1. Name the one entry in GLU123, GLU60 that is open to solvent by 70 Å² or more (accessible area, probe 1.4 Å), assigned to a helix (DSSP H, G or I) and under 30 Å from LEU241 (Cα atoms).
2. Kindly indicate which of GLU221, GLU217 is touching a Ser or Thr at 6+ places or on another chain (Cβ under 8 Å), open to solvent by 50 Å² or more (accessible area, probe 1.4 Å) and touching a residue at least 40 places away in the same chain (Cβ under 8 Å).
3. Can ALA277 be described as open to solvent by 50 Å² or more (accessible area, probe 1.4 Å), among the small types (Gly, Ala, Ser) and touching an Asp or Glu at 6+ places or on another chain (Cβ under 9 Å)?
4. Could you list all residues from the stretch 149-187 that are open to solvent by 90 Å² or more (accessible area, probe 1.4 Å) and assigned to a loop (DSSP other than H, G, I, E, B)?
5. Given the structure, is ASP81 within 24 Å of the chain's Cα centre (by Cα), among the charged types (D, E, K, R) and farther than 30 Å from TYR232 by Cβ?
6. Is it the case that the stretch 22-31 has a residue that's open to solvent by 60 Å² or more (accessible area, probe 1.4 Å), assigned to a helix (DSSP H, G or I) and at pLDDT below 80?
Amino acid sequence: MRNILIFNILLFSSCQYFQPKEEISEPVIARVGDKTLVASNLYGLIPVNLTSTDSAIFVEKFVLDWVKKQLMITKAEEAIDFNEARIQQKVLDYQYALMVHELEKKHIIANLNEDVSETEIKEYYQQKAENFVLRQNLAKCIYFKIPSKAPNVWRFRRNLKNYPQDTTQIWEYANEHAIKAFVEDSVWVKFDEVLLETPLKEVNDKIAFLKANSSIEVSDEDFIYFLKIFEYKVVGEIAPLEFIKESIADIIINKRKIALKKELEKKIYEEAEQTNAFEIYSN
């Protein structure tokens with residue numbers, strides 16, 4: 001039955017979505033009241049390169065979804081007194097919005113410059129810094145999760161206290177024994193995420209904790225956690241530029257997209273104005 005249904009669908013290329021029964025000259029797939037779904041309604045909707053089994057599954061889901069939608073529409077028509085003209089206007093508005101969106105999308109793809117310079121990012125940050133207030137604590141730090149039975153932990157602890165001296169020994173030890181390590185000491189990270197797998201996740205006042213601690217060691221039954229904090233920013237402060245560079249670049253690109261949309265609208269209007277493609281009549 002599935003294969004027959006797929007075969008029938010591919011035979012037809014076009015027809016109206018709903019047809020009065022007397023006009024239907026092809027197999028009816030489903031019916032809800034006086035609304036019918038025929039094979040050609042699905043033509044072109046089945047994704048290419050599907051197996052016959054997957055195509056049949058797709059069709060069955062489409063048909064079931066169609067039936068559910070028509071049942072909802074029928075119930076809505078019974079329960080609510082709709083203004084048909086207003087509904088049709090909304091449908092047209094949505095259709096036109098989709099068409100315009102596709103035109104704008106094509107124009108943006110052809111004209112958008114996605115390269116954002118460091119200077120542009122810095123200038124935007126300086127102008128709009130008040131928009132980048134932190135909602136989370138940040139830190140520049142290094143972090144190590146070491147098994148409590150790892151050898152010579154005392155030596156690792158001593159070397160870590162002397163950081164940034166003895167870094168070679170620190171990295172070698174961490175590479176061999178650490179279950180988890182973060183060693184990018186110049187990168188801003190979310191402090192809550194650093195603490196997530198440590199006993200310190202239970203700390204209530206993390207701002208006070210940051211202000212009071214720069215080198216921390218805690219342990220549980222299985223691991224020793226080492227954390228060394230070099231710099232921090234707390235909730236309510238302005239986010240450091242390094243942390244939000246990508247977000248600012250995205251904002252700048254989005255503004256360019258908006259500008260391109262306005263540019264396209266203006267260009268189309270001016271061209272139409274020059275060719276007298278429209279008229280506005282005064283009363």
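1. After applying the criteria, what remains is GLU123.
2. Residue meeting the stated conditions: GLU221.
3. Yes, satisfied.
4. LYS149, PRO164, GLN165, ILE179, GLU184
5. Numbers: within 24 Å of the chain's Cα centre (by Cα): no; among the charged types (D, E, K, R): yes; farther than 30 Å from TYR232 by Cβ: yes.
Taking the combined requirement at face value, the residue does not satisfy it.
6. Yes - at least one qualifying residue is present in the stretch 22-31.
For every residue, the table says whether it meets (1) open to solvent by 70 Å² or more (accessible area, probe 1.4 Å); (2) without any contact (Cβ under 8 Å) to a residue 12 or more places away in the chain; (3) more than 30 Å from GLN127 (Cα to Cα); (4) not in a helix (DSSP H, G or I).
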{"position": "LEU227", "(1), (2), (3), (4)": "no, no, yes, yes"}
{"position": "TYR232", "(1), (2), (3), (4)": "yes, no, no, yes"}
{"position": "GLU246", "(1), (2), (3), (4)": "yes, yes, no, no"}
{"position": "ILE251", "(1), (2), (3), (4)": "no, no, no, no"}
{"position": "ASN254", "(1), (2), (3), (4)": "yes, yes, no, no"}
{"position": "ILE258", "(1), (2), (3), (4)": "yes, yes, no, no"}
{"position": "LEU264", "(1), (2), (3), (4)": "no, no, no, no"}
{"position": "GLU270", "(1), (2), (3), (4)": "yes, yes, yes, no"}
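The values are calculated or read from the model by the stated rules, or taken from the named source; none is laboratory data. On a predicted model such as this, the values are computed, not experimentally measured, just so you know. No Cβ is skipped: glycine too gets one built from the backbone with ideal geometry, and neighbour counts run over all protein chains shown. In case anyone asks, the SASA skips ligands and DNA or RNA and just uses the protein heavy atoms, side chains included. Shrake-Rupley method; radii C 1.70, N 1.55, O 1.52, S 1.80 Å.
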